[in-house]
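Asker: Got a structure for you, written out below as structure tokens; questions coming shortly.
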Amino acid sequence: MTELSFDALYTAYREKVLAYLTGRTACREDAEDLCAEVFTEVIRCLPQYDAAKASLSTWIYQITRFTLIDYLRTRHPSEPLGEDLAAADDLAEDFLSRQTLEDLAAALNTLEQEERDIIVLRYYSGRTLTEISRLTGISYGMVKVKHKRALHSLRARLA
């Protein structure tokens, strides 16, 4: 590996990592915290980086992905709230969640069937794009294109 300073790595990849995390977390502050965790891990693991196994960008995005997965797994409360804690605010929040789900369902229904299938397989079933390609018989490259197009369309409709 050529000698790259951490500053150069951080400058080259920070915005891309932050954009990826911002698109997948509830708020910008969480994404910024996760971005800091990613680069802390990059510093810690940089001596073990092997350019023969993956490009630097792929390696950094893998660290980003695993950091995001850890965050998503740990942010769910481990104990359910008691029924006596319900309040009027909870009812309003529940309504907003249902409204958000209805908006998402409506947006999904505007997609082409193949795009909708890809989104459902990817985010509901947790399948990789490679697995989706195998399941649907669509080439991997086309699955990536349709996945990106569907996400862009959903973001536009939900904005």
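Asker: At 0.36 nm per residue, minus the direct Cα-Cα distance, what do Thr11 and Glu32 gain on full extension? Give it in nm, one decimal, please. Write out the running numbers ahead of the final one.
Answerer: Numbers: separation 21, 0.36 × 21 = 7.56 nm, distance 1.45 nm.
Taking 0.36 nm per residue and subtracting the Cα distance, the gain is 6.1 nm.
Asker: Using label points projected 7 Å from each Cα along Cα→Cβ, tell me how many nm separate Arg24 and Val145, to one decimal.
Answerer: 2.4 nm
Asker: Please report Rg (one decimal) and Dmax (integer) in Å for the Cα set of segment 6-74.
Answerer: Calculated on Cα positions, Rg and Dmax stand at 11.6, 36 Å.
Asker: Ok, one more. Find the centroid of the Cα atoms in segment 122-141 and in segment 48-68, then give the distance between the two in whole Å.
Answerer: 22 Å
Asker: Further, regarding this structure: How do Thr74, Thr22, Thr64 line up, fewest other C-beta atoms within 10 Å first?
Answerer: Ascending Cβ contact count within 10 Å gives the list Thr74, Thr22, Thr64.
Asker: Sorting Lys146, Lys53 on the 10 Å Cβ count, fewest up front, what's the list?
Answerer: Lys53, Lys146
Asker: If I model a spin label at Thr74 and Thr40 as a point 7 Å from the Cα along the Cα→Cβ vector, what separation in nanometres do I get?
Answerer: For the pair Thr74/Thr40, the computed spacing is 0.9 nm.
Asker: Still on this structure: Simple spin-label model, 7 Å along Cα-to-Cβ: Lys53 to Val120 in nm?
Answerer: Rounded to a tenth, the inter-label distance reads 3.7 nm.
Asker: I've got another one for you. How large is ³J(HN,Hα) for each residue in segment 40-55, as worked out from phi by the Karplus curve 6.51 cos²θ - 1.76 cosθ + 1.60 (θ = phi - 60°), to whole Hz, x for Gly and Pro?
Answerer: Going residue by residue, I get 5, 5, 4, 4, 5, 9, 3, x, 8, 4, 10, 5, 6, 8, 7, 5 Hz, with x marking Gly and Pro.
Asker: Ranking Tyr140, Tyr20 by Cβ neighbours within 10 Å, fewest first, what do you get?
Answerer: Details: Tyr140 13, Tyr20 19.
With the fewest neighbours first, Tyr140, Tyr20 line up as Tyr140, Tyr20.
Computed from the coordinates by the stated procedures, all read-outs in this text should not be read as laboratory data. Treat the numbers as computed from the prediction; the structure is a model and nothing was measured. No Cβ is skipped: glycine too gets one built from the backbone with ideal geometry, and neighbour counts run over all protein chains shown.
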